[in-house]
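The values are calculated or read from the model by the stated rules, or taken from the named source; none is laboratory data. All figures in this text were calculated on a predicted structure; none of them were measured in a lab. Cβ atoms come from the backbone with ideal geometry, glycine included; neighbour counts cover every protein chain shown. We work out accessible area using only protein heavy atoms, side chains counted, and drop any ligands, DNA or RNA first. Shrake-Rupley method; radii C 1.70, N 1.55, O 1.52, S 1.80 Å.
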Amino acid sequence: MAKSTSSDAQMLIRSLRTAYAATPTNLKIIDVYVVYAIVTAVIQVVYMGVVGSFPFNSFLSGVLFCVGTAVLAVCLRIQVNKENKEFKDLPPERPYADFVLCNLVLHLVIMNFLG
Amino acid sequence: MARNLRLLGFLALICASLSISGAAVIRPINDAHRSAALELFVPTNGSFGSLEEAYEALRTFQIFGVEKSTEISHATCPVVAEKLGSSSFISKDLFLALRVNSILGCQIDARTFEDVASKLQAVIKNASSLVDFHYGVEGLLHIKDQGISVALSDADGTFHSIKALSQSDGRWRYDSNSAESSTYAAGIALETLAGVVSLADKDVDQSKIGIVKHDIIKLFDSIKSYDDGTLYFDEKHVDASEYKGPLATSASVIRGVTAFAKVASGRLNIPSDKMLGLAKFFLSIGIPGCTKDLFNQIESLSHLEDNRVSIPLILSLPSTVLSLTTRDQLKVEVTTVLGSAAPPLTVSLVQAFRSDSKDTPVLENQELQFDSENTIHYLDIIPLKLDAGKYKLMFEISLHDPENLNTYATAGRTSVMAFITGSINIGKAEIGIFDSDSGKSEALQKLDLSRDSALSLAANHLQKLHLSFQLTTPLGHHFKPHQVLLKLRHETNVEHIFVMESSARQFKIVLDFLSLVEKFYYLSGKYEIELTVGDAAMENSFLRALGHIELDLPKPPEKAARPPPLPVDPYSRFGPKQEIAHIFREPERRPPKELSLTFLALTLLPFVGFLIGLMRLGVNLKSFPSSVVPASFSILFHAGIAAVLLLYVLFWLKLDLFTTLKVLGFLGVFLVFVGHRTLSHHASATAKLKSS
């Protein structure tokens, strides 16, 4: 049974990888960006765990920025993805412009909160 | 009705003459006032500032007989000449200049005076307010004094116009428009009316003068009084703009009334005690501190000095403390207000009361003898057998010439407080300690209270301290001074004061230590003994240290009262205060620098990973527009985003939010515009590609 479980897991992973390879490049770029943001957030949490949360606002601003920009990237991905039926007619430039604008606002807010 | 009023008035007169006047010590004007005047009226380089102040100063000096200094004439005469020579019609300036000139005697030629006289005549003819009449008439009066002949053409008319402003209560209004009447204005009006009468070329109607005399009587009905018998005039309402105060108002009324009394034939029926009360008012203010008050005081008193109503005579004592030891005489002075001699009169001491027996007089009807060399009335008090103490003396003045009763005003009875001091004998002083159970005192020792002693006594809480002595006056009576105090002071400066009572012609105190143990806070030890005897009538009041007493008191119980804390030196509060140790918030523990830098590097690592991932995915710039205009817009778009990010970095480093938002506003608009162009171009390019 364990063997079947591990081989099931392996098969699952393999099928995931092949399916993923089929996604278009621009979506993959967005995925890389999301991963980058999450990893940065994790590193910041580890740092806080080590040294304590003294300037708590800085910690919050850092972590929440990473999470926020990841969220915006995910929204972009949803809207740009051609397989999504709701956003079929929308040219991808619109969501991209929204992404840029929202990111700039997020940057400003975080910069203010960073202290 | 009229008879009742007259009866009431007569009763009031009797009461007034019997009234006890004199809480304030009133003395006539003397050299102290003269030197005060010289100190207050100080000209700067010969001039006094304004013509009004110059007049006040010069008139005061004139009354005191101070020589006119040439410096003042040099400085003031040009001003006077300029005012009189100018072509202005301001009656106030002319009046002030003429007033000063009448004292200084500047060299003004007759033609100038005639010009001024004609101007003032015009002022009077057209005048409607009281002050205009006043300036015109008084100015003409001063010109007449210079020797120029002036006469008021329509004296009756002027008199009538001024009289028309009077009110029923004796006060005057300033002009026909003003609603309020003023006592100060009444004084001005009376002075002006007196001037009109003396300037008139034919006599003014006598009935009109009689009416004004009635007005003066009514004005005197509104006189006010203080408790000590002084009388003064004041306004009915204290109106801030016109209010001049009782001193100036009374001075104005006296000026007016005395001037009018000079020109009116017949007598003014003003009761003499009212004139005396007014004189006392001016004398009771002492030496005023400001020039206007001093001028008002001195000028009013000079008018009272020789007025035609009644001249007040002031009775005063040069010294109210008489010593039996130096055999002083009781001396009384009777003079006019400015210190001039009074007519022949006799002063008699009607009654003298001791302060402790106010009902029975100790002396009655003693006539004082007159020393004509020093113009002083005196009485030898030694043969009168008066003892030391505080006395109230009542004096009465009787004029020798009965005709003088109408000319002079003397108070009915004047009362003065005086002290007769003497040396008090202290005798039969004894002090001792005895046990409480034995009734008789055994260990009493004689004490000499004429000097300090150095007794050394000892007692415990079961014993009593006994002290007694007798005080006798020079005449041999028992004397009860104001203060007889025994003080015991502990080594720690805790003091206890006991008042000694007088009984059976001796002063005695018995300190029962058993009952005083708690009062003494159970403090045993050495106590210094001090005896204080003092009184105003005692010439040899003393504070004697008698020695010390060792007190042995039991131990204080648990709940005993502690002795009061010693008084703190009051200046110690100005010394340095105790140091305050500030406790600052400890700064937070920061991580070591190396750790922080390590994690900074670790944070940048994912960025590197991101770039590697992008390259592996085959990121390219293929759809970057090639033609110029779209390319430039694209470049501008990316440059705009970079600029915004740079702005944020600057914001974090040093800018504030408002500047950032302002710049962001411009950049944002730019970015939106450029981005729209770029993205729409890109979209259309992609659509073209798809369709083709």
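Looking only at the range B:628-638, decide whether some residue is touching a His at 6+ places or on another chain (Cβ under 7 Å) and at the interface with chain A (Cβ under 10 Å from one of its Cβ atoms). Checking the range B:628-638: not a single residue is touching a His at 6+ places or on another chain (Cβ under 7 Å) and at the interface with chain A (Cβ under 10 Å from one of its Cβ atoms). All of B:615, B:538 fail the test of being open to solvent by less than 70 Å² (accessible area, probe 1.4 Å) and either in contact (Cβ under 8 Å) with a residue 60 or more places away in the chain or within 14 Å of chain A (Cβ to nearest Cβ) (or both), apart from B:538.
Taken over the range B:288-332, the criterion of being without any contact (Cβ under 8 Å) to a residue 60 or more places away in the chain, surrounded by 18 or more Cβ atoms within 10 Å (Cβ to Cβ) and acidic (Asp, Glu) is satisfied by B:305 alone.
Does residue A:62 satisfy the condition of being crowded, with 19+ Cβ neighbours inside 10 Å and not aliphatic (A, V, I, L, M)? Yes; evaluated as a whole, the condition is true for this residue.
Since residue B:548 meets every condition but one in (1) modelled with pLDDT of 90 or more; (2) within 14 Å of chain A (Cβ to nearest Cβ); (3) not in a helix (DSSP H, G or I), which condition does it not meet? Condition (2) is where residue B:548 drops out.
Scan the range B:409-425 and tell me whether some residue there is surrounded by fewer than 18 Cβ atoms within 10 Å (Cβ to Cβ) and over 26 Å from residue B:365 (Cα atoms). Yes, the conditions are met somewhere in the range B:409-425. Anything in the range B:223-269 that is of a type in the set (S, T, N, Q) and farther than 16 Å from residue B:188 by Cβ? List them, or say none. Once the filter is applied, which keeps residues that are of a type in the set (S, T, N, Q) and farther than 16 Å from residue B:188 by Cβ, the range B:223-269 yields B:225, B:230, B:241, B:265, B:269. Do we have residue A:112 as touching a Phe, Trp or Tyr at 6+ places or on another chain (Cβ under 9 Å), at the interface with another protein chain (Cβ under 7 Å from one of its Cβ atoms) and either hydroxyl-bearing (Ser, Thr, Tyr) or open to solvent by 40 Å² or more (accessible area, probe 1.4 Å) (or both) here? Criteria met by residue A:112.
Here residue B:625 clears all of (1) assigned to a helix (DSSP H, G or I); (2) surrounded by 15 or more Cβ atoms within 10 Å (Cβ to Cβ); (3) at pLDDT below 85 except the condition numbered (1). What residue, among those in the range A:79-92 that are surrounded by 15 or more Cβ atoms within 10 Å (Cβ to Cβ) and within 11 Å of chain B (Cβ to nearest Cβ), is farthest from residue A:33 (Cα to Cα)? For the range A:79-92, the residue satisfying everything is A:91.
In summary, residue B:516 fulfils each of the numbered conditions (1) open to solvent by less than 40 Å² (accessible area, probe 1.4 Å); (2) in contact with an Asp or Glu (Cβ under 7 Å, 6 or more places away or on another chain) with the single exception of condition (2). Of the helices (runs of 4 or more DSSP H) entirely within the range B:179-282, those holding at least 1 residues that are under 15 Å from residue B:296 (Cβ atoms) and within 22 Å of the chain's Cα centre (by Cα) occupy B:245-263. Of all residue pairs spaced 6 or more apart or on separate chains, those with beta-carbon atoms under 8 Å, a first member in the range B:633-652 that is touching a residue at least 12 places away in the same chain (Cβ under 8 Å) and a second member that is exposed (fewer than 14 other Cβ atoms within 10 Å of the Cβ) and not aliphatic (A, V, I, L, M) are B:634/B:624.
Of all the criteria given as (1) under 30 Å from residue B:677 (Cβ atoms); (2) within 9 Å of another protein chain (Cβ to nearest Cβ); (3) touching a Leu at 6+ places or on another chain (Cβ under 6 Å), the one not satisfied by residue A:95 is (2). Among the candidates B:543, B:566, the residue that is closer than 30 Å to residue B:418 by Cβ, among the hydrophobic types (A, V, I, L, M, F, W, C) and open to solvent by 50 Å² or more (accessible area, probe 1.4 Å) is uniquely B:543.
In the range B:250-275, the qualifying residues are those that are touching a Phe, Trp or Tyr at 6+ places or on another chain (Cβ under 6 Å) and surrounded by 24 or more Cβ atoms within 10 Å (Cβ to Cβ), and the one that is nearest to residue B:228 (Cα to Cα) is B:250. Number of residues in the range B:44-66 that are more than 21 Å from residue B:84 (Cβ to Cβ) and touching a helix residue (DSSP H, G or I) at 6+ places or on another chain (Cβ under 8 Å) equals 6. Hey, can you tell me all the residues within the range B:565-622 that are of a type in the set (Gly, Ala, Ser) and outside any loop (DSSP other than H, G, I, E, B)? Residues satisfying the conditions are B:572, B:596, B:601, B:609, B:613.
Okay, residues lined up against (1) modelled with pLDDT under 90; (2) closer than 24 Å to residue B:99 by Cα; (3) assigned to a helix (DSSP H, G or I):
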| site | (1), (2), (3) |
| --- | --- |
| B:13 | yes, no, yes |
| B:34 | no, yes, yes |
| B:42 | yes, yes, no |
| B:53 | no, yes, yes |
| B:58 | no, yes, yes |
| B:63 | no, yes, yes |
| B:66 | yes, yes, no |
| B:71 | yes, yes, yes |
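The condition of being facing another protein chain (nearest Cβ under 8 Å), open to solvent by 50 Å² or more (accessible area, probe 1.4 Å) and out of contact with any helix residue (DSSP H, G or I) (no Cβ under 9 Å at 6 or more places or on another chain) holds for residue B:687.
When B:486, B:405, B:475 are checked against the criterion of being buried (at least 18 other Cβ atoms within 10 Å of the Cβ) and out of contact with any Cys (no Cβ under 7 Å at 6 or more places or on another chain), a single residue qualifies: B:486. Counting the residues of the range A:31-45 that are open to solvent by 40 Å² or more (accessible area, probe 1.4 Å) and more than 8 Å from chain B (Cβ to nearest Cβ) gives 3. Checked against (1) facing chain B (nearest Cβ under 9 Å); (2) at pLDDT 85 or above; (3) surrounded by fewer than 16 Cβ atoms within 10 Å (Cβ to Cβ), residue A:55 meets all criteria but (2).
Restricting the first member to the range B:584-605 and to residues that are closer than 15 Å to residue A:62 by Cα and within 8 Å of chain A (Cβ to nearest Cβ), and the second to residues that are of a type in the set (Phe, Trp, Tyr) and part of a helix (DSSP H, G or I), the beta-carbon pairs closer than 7 Å and six or more apart or on different chains are B:599/A:47.
The condition (being assigned to a strand (DSSP E or B) and over 16 Å from residue B:400 (Cβ atoms)) is satisfied by just one residue among B:373, B:333: B:333. Taking the criterion of being more than 18 Å from the chain's Cα centre (by Cα) and more than 7 Å from every other protein chain (Cβ to nearest Cβ), would at least one residue in the range A:60-78 satisfy it? Checked against the condition, which is being more than 18 Å from the chain's Cα centre (by Cα) and more than 7 Å from every other protein chain (Cβ to nearest Cβ), the range A:60-78 yields no hits at all. Taken over the range B:666-684, residues that are open to solvent by 60 Å² or more (accessible area, probe 1.4 Å) and over 18 Å from residue B:624 (Cβ atoms) amount to 5. In the range A:4-20 there is at least one residue matching the filter, namely being on the phi < 0 side of the Ramachandran plot and within 14 Å of chain B (Cβ to nearest Cβ). I'd like to check something: does the range A:61-68 contain any residue that is touching an Asp or Glu at 6+ places or on another chain (Cβ under 6 Å) and under 30 Å from residue B:588 (Cα atoms)? No; the residues of the range A:61-68 include none that is touching an Asp or Glu at 6+ places or on another chain (Cβ under 6 Å) and under 30 Å from residue B:588 (Cα atoms).
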